[in-house]
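I have placed the structure first, in the form of C-alpha cells, so that the comments after it can refer back to it.
Where a number appears in this text, it was derived from the coordinates with a stated rule and is not lab data. Source: prediction; values computed, not measured. Note that each Cβ is placed from the backbone with ideal geometry, even for glycine, and that neighbours are counted across all protein chains shown.
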Amino acid sequence: MTGVNDASWGAVGVGIFLIAVVFGIGLYVRYRQNEAARLDHDVDLAVKLRTIAGQDPVRAAAIDEFETAIYERLFYASTVGPRARGAAWALLGAVLAAFGALWVRDGGGVITDVVHYGLAAVAAGFALTFLVFLGLTLYAATSMPRISFADSYSDEPESSTD
C-alpha cells in the first residue's frame with residue numbers, strides 16, 4: 001500500500017505560504033505606490049471643483065473639507081507609507097531568507113553549512129530591519145499631527161473673561 005509522506009504535505013503548505021507572502025507583500029507595496037496617482041487625481045479634482053464653486057461659500061467650505069482630507073492623506077503617504085513599505089520589504093526578505101536557510105539545511109558538507117548559516121544571518125538581519133521599520137511606522141502613525149480647522153469655523157474669537 002502506498003502512503004503519502006507527511007513531510008511532503010508540510011513542504012506543500014510551506015510553499016503555498018511562501019507564495020501567499022510574496023504575492024501579498026507585492027500587492028500591498030503596489031497599492032501603496034499607487035496612492036500618489038490617486039492623490040494627484042484628487043488634487044486636480046479639487047482645483048476643478050474650486051473653479052466651479054466660484055464665490056458660493058457652502059461649496060467652498062465643502063471643497064475646503066475635501067482638500068483637508070487630501071492633505072491628511074498626503075502627509076500619511078509621505079511619512080507613514082514609506083516606512084510601512086520598508087517594513088513589508090524587510091518582512092519579505094526575512095521570510096525568503098529563512099525559507100532558503102531551511103531548504104539548504106538538508107544538504108551535507110561545508111559549503112551547505114556556510115550557505116545555511118549565511119542565509120540564517122541574512123534572515124535575522126531582515127527580521128531586525130522589519131522590527132525597526134515597524135517601530136518607525138508605528139511612531140510615525142501615532143505622532144502624526146492631526147489637521148483640524150474647527151477653530152476657523154467659530155464666528156467669534158476666544159476672549160478671556162475674568
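List of remarks:
- Two-site FRET efficiency, Val22 against Gln55, from Cβ-Cβ distance with R₀ of 45 Å, rounded to 0.05: 0.25
- Remark: region 83-95, residue by residue, has Karplus-estimated 3J(HN,Hα) of 5, 5, 5, x, 5, 5, 5, 5, 4, 4, x, 5, 5 Hz, where x stands for each Gly or Pro and the curve is 6.51 cos²θ - 1.76 cosθ + 1.60 at θ = phi - 60°.
- Binned Cα-Cα distance frequencies in region 21-143 - 5 Å width, integer %: 2, 11, 14, 13, 12, 10, 9, 8, 6, 5, 3, 3, 2, 1, 1, 0
- Separation of the Val114 and Ala36 label points, Cα + 7 Å toward Cβ, nm: 4.1 nm
- Centre separation in Å (Cα based) which lies between region 16-38 and region 61-91: 17 Å
- Residue order, fewest to most surrounding Cβ atoms within 10 angstrom, among Thr68, Thr129: Thr68, Thr129
- If the segment from Ala77 to Val14 were pulled out straight at 0.36 nm per residue, it would be longer than the present Cα-Cα gap by 19.4 nm.
- Burial order of peptide ranges 16-29, 46-59 (average beta-carbon count within 10 Å, highest first): 16-29, 46-59
- Tail beyond 19 Å, pair distance distribution of region 69-129 (Cα, percent): 47 percent
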